[in-house]
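One structure, pasted below without further comment.
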């Protein structure tokens, strides 16, 4: 298996290292150097892709001095998932490596992750930050989210929030990422039949800059988790859940309808007993709507971003910065 992969790139394994960065002026230069050193020491045919997600500090100026680098700059801040999607779509090698721009993921783990993927014939290998160097609150929220993700998504890994992952290129054929779905890429791919593995990786303390995680991202991540759960369970048969809820509300409407008719037969004035008919109308309308709307909007959104020319983010420029022959 390893031999076949090396032959595909003329004796070298080709990797694209995709790194979203946002206000990381204190980390990008060191991280770029570490990635470059690891790739050259391992003999990879590599490219490094930094996606500037609308940084307002000196990240842009520093990135323009780094070589070799494919540098993508967004017009404004669109979020980590959008940046990761843009980097993946602009990559060219047979393996794609993703990691955070804050320096907490260790590029030195890339070779062992790639070896693990090849030796076990996997499609995705996800990093597991078993010994995290984060604050107590961040670790507490992450563990809670992981427990909930285990119940809903079942992707078979311990740490979906770890951005350090290795993928085969074919994993992303026809895949569009949005929202906060970068955390759930293994789950999405596992749903499509790809083989997912996990390996313990090093996690380092942040030495510069500030964390970008807050309660907004936690809430958005939870919503996207529900989206992935629904897509996994009911994307091919949405009426199994919507129809069941619709029947429940129609049943309640029927009960209220019988109650209304019974009151009318008993000679009760409906003006004094307006609640039963109002409840009948409410439950029947809700039941019918559940057959038509509800979570079907999620499928429409995926279809829109899959076939429409529009995109949830906007790239201002792409620069390929190469090492000069004089250097």
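Consider residue 117 carefully, then state whether it is in a helix (DSSP H, G or I) and modelled with pLDDT under 95. Don't jump to the end; show me each part of the working.
On the way: in a helix (DSSP H, G or I): yes; modelled with pLDDT under 95: no.
No; evaluated as a whole, the condition is false for this residue.
Just to check your reading of the model, which residue among 246, 257, 251 is at pLDDT 85 or above and buried (at least 17 other Cβ atoms within 10 Å of the Cβ)?
257
Between 51, 72, which is in the same structural domain as residue 133 (by TED's automatic domain parsing), without any contact (Cβ under 8 Å) to a residue 40 or more places away in the chain, assigned to a strand (DSSP E or B) and in contact with a strand residue (DSSP E or B) (Cβ under 9 Å, 6 or more places away or on another chain)? Explain how you work it out, then say what you get.
Working: 72 fails: without any contact (Cβ under 8 Å) to a residue 40 or more places away in the chain.
Of the residues listed, the single one that is in the same structural domain as residue 133 (by TED's automatic domain parsing), without any contact (Cβ under 8 Å) to a residue 40 or more places away in the chain, assigned to a strand (DSSP E or B) and in contact with a strand residue (DSSP E or B) (Cβ under 9 Å, 6 or more places away or on another chain) is 51.
On to the next question. Considering (1) more than 24 Å from residue 119 (Cβ to Cβ); (2) at pLDDT 95 or above, say which one residue 77 fails and leave the rest.
Residue 77 satisfies all of (1) more than 24 Å from residue 119 (Cβ to Cβ); (2) at pLDDT 95 or above except (2).
Report yes if some residue within segment 131-148 is in the same structural domain as residue 15 (by TED's automatic domain parsing), under 20 Å from the mean Cα position of the chain (by Cα), modelled with pLDDT of 80 or more and under 20 Å from residue 186 (Cα atoms); otherwise report no.
Initially, segment 131-148 is screened for residues in the same structural domain as residue 15 (by TED's automatic domain parsing), giving 131-148.
With under 20 Å from the mean Cα position of the chain (by Cα) added as a condition, the list becomes 138-139, 141-148.
If we keep only those that are modelled with pLDDT of 80 or more as well, we get none.
Within segment 131-148 (the criterion being in the same structural domain as residue 15 (by TED's automatic domain parsing), under 20 Å from the mean Cα position of the chain (by Cα), modelled with pLDDT of 80 or more and under 20 Å from residue 186 (Cα atoms)), the answer is no, since none of the residues qualifies.
Give just the number: which of (1) more than 25 Å from residue 197 (Cβ to Cβ); (2) assigned to a strand (DSSP E or B) does residue 66 not satisfy?
Evaluating residue 66 over (1) more than 25 Å from residue 197 (Cβ to Cβ); (2) assigned to a strand (DSSP E or B) leaves (2) as the failure.
Given the residues 168, 183, 204, which is the only one that is buried (at least 17 other Cβ atoms within 10 Å of the Cβ) and modelled with pLDDT of 80 or more?
Going through 168, 183, 204 in turn, just one is buried (at least 17 other Cβ atoms within 10 Å of the Cβ) and modelled with pLDDT of 80 or more: 168.
Here is a follow-up. Go through segment 262-273 and give me each residue that's at pLDDT 80 or above and within 26 Å of residue 246 (Cα to Cα).
Result: 262, 263.
Follow-up question, since we're still on this one. For residue 41, indicate whether it is surrounded by fewer than 20 Cβ atoms within 10 Å (Cβ to Cβ), in contact with a strand residue (DSSP E or B) (Cβ under 9 Å, 6 or more places away or on another chain) and either in contact (Cβ under 8 Å) with a residue 40 or more places away in the chain or on the phi < 0 side of the Ramachandran plot (or both).
So residue 41 does not fit the description; no.
The values are calculated or read from the model by the stated rules, or taken from the named source; none is laboratory data. Keep in mind that what you see is a predicted model, and the values were worked out from it rather than measured. Every residue, glycine as well, gets a Cβ built from its backbone with ideal geometry; the counts of neighbours run over all protein chains shown.
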